[in-house]
1. Which shape class applies to segment 124-212: rounded if a/c is under 1.5, otherwise prolate when a/b exceeds b/c and oblate if not, where a ≥ b ≥ c are the square roots of the Cα gyration tensor eigenvalues?
2. Among 48-60, 111-123, 31-43, what's the highest-first ranking by average C-beta atoms within 10 angstrom per residue?
3. Over all distinct alpha-carbon pairs, what is the Kirkwood Rh of segment 179-231 in angstrom?
4. Which of rounded, prolate or oblate describes segment 2-169 when judged by the alpha-carbon gyration tensor and an a/c cut-off of 1.5?
5. With the contact rule set at Cα under 8 Å and sequence spacing of 6 or more, what percent relative contact order holds for segment 179-231?
6. How high is the relative contact order of the chain? Use alpha-carbon pairs under 8 Å, at least six apart in sequence, and give a whole percent.
7. Which of the aspartates and glutamates could a cross-linker span from LYS82 if the Cα-Cα distance has to be under 16 Å and same-chain partners fewer than 8 positions apart are dropped?
8. Taking a 28 Å limit on the Cα-Cα distance, which of the listed pairs LYS33/LYS67; LYS91/LYS223; LYS47/LYS93; LYS49/LYS91 fall beyond it?
Amino acid sequence: MKFDIITIFPKIFSAKGGSYLNESILKRAQKNKLIQIKIHNLRDFTKDKHRKVDDRPYGGGPGMVFKIEPLIKAISSILRIKNLELKIKKKIKVILFSPSGKQFDNKMAANLSKNYNQLILISGRYEGIDARIKKVLYDSGFKIQEISIGHYVLTGGELPAMVLIDAISRQIPGVLGKKESLEEKGHGIGVPVYTRPEEFIYKGKKYKVPKVLLSGDHKKIEKWLNKKTNR
Ligand code: SAH
C-alpha cells in the first residue's frame, strides 16, 4: 500500500523529527516494503514567488481556504500524469479530511486496506479546502472520500492522516508480527490486559490479576475474554 500525504507542514512527518510514522511497527512495515509513505509539500506545486496555497473565502468569514490548482498539480505529480488523466484508477483513492466527513472506524480501515493499493491523503488546514476539488476529481473519474476521525475539530489534517495510516496498515497482512495480534483474530478490541507481577502492591493495597487468567483453563479464559470484548 502506498500512502501519499499532501500537506503544507511536511516537517510534522519527517523522520529526523521522529515522526509517529517512523517508529515501531510502522517503521518496520516501511522497511519491509509492505507500506510506503511519501510526503508532498503542497507549496512545491505553486508557481508564484510566495508559494501561496490558500486564499480568502468567498462570501466572507474568517480564515483561509486551500486553492484547487496546487492540489491538482500535487495529485498529478504523485501519479505522474497530466490533467488528472489516469488510465487505471480502480485501486487509487483520494481522501479528504473534514470534521464533517464520514466517521472513520476499523471496518473502513479494513476495507481501504483490502480494496486499494494507493491512498492520497489531503491534509487541510485553516478553513479547509475549496469544495470544488471533490467535483473536479469526481469528474475525472477519481474515487474520493471525505473522512472525519472524530467529533471534534483539529487545527489540521496531519494527525488524521497518521491515524488512518496506522489503522489501515495494521490490517495489511504481514505488518503485524507474530507477537502482535490483530484484534479480530486475538482477544477482540478493548480487552483489558495484564502482565507481571501477579499481585501489585501499592500504598498497602493489593491489585490482583483476574483469577481466571491464571487458571490455565483455556476454555474458561476464552469465555471471559469474549465477555470482556466490545466486539
Ligand atoms: N472550519 C472548518 C474546519 C477546518 S479544520 C470546517 O468547519 O470544516 C482544518 C482541517 O483540519 C480540515 O481541513 C481537516 O483537514 C482537518 N480536520 C479537523 N478536524 C478534523 C476531524 N475531526 N477529522 C478529520 N480531519 C479534521
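No lab work stands behind these numbers, since they all come straight from the coordinates. Keep in mind it's a predicted model, so treat the numbers as computed, not measured. Every residue, glycine as well, gets a Cβ built from its backbone with ideal geometry; the counts of neighbours run over all protein chains shown.
1. prolate
2. Packing order, densest peptide first, comes out as 111-123, 31-43, 48-60.
3. 12.5
4. rounded
5. It comes to 47 percent, rounded to a whole number.
6. 20
7. GLU69, ASP139
8. Values: LYS33/LYS67 33 Å; LYS91/LYS223 40 Å; LYS47/LYS93 26 Å; LYS49/LYS91 36 Å.
Among LYS33/LYS67; LYS91/LYS223; LYS47/LYS93; LYS49/LYS91, the Cα-Cα distance tops 28 Å for LYS33/LYS67; LYS91/LYS223; LYS49/LYS91.
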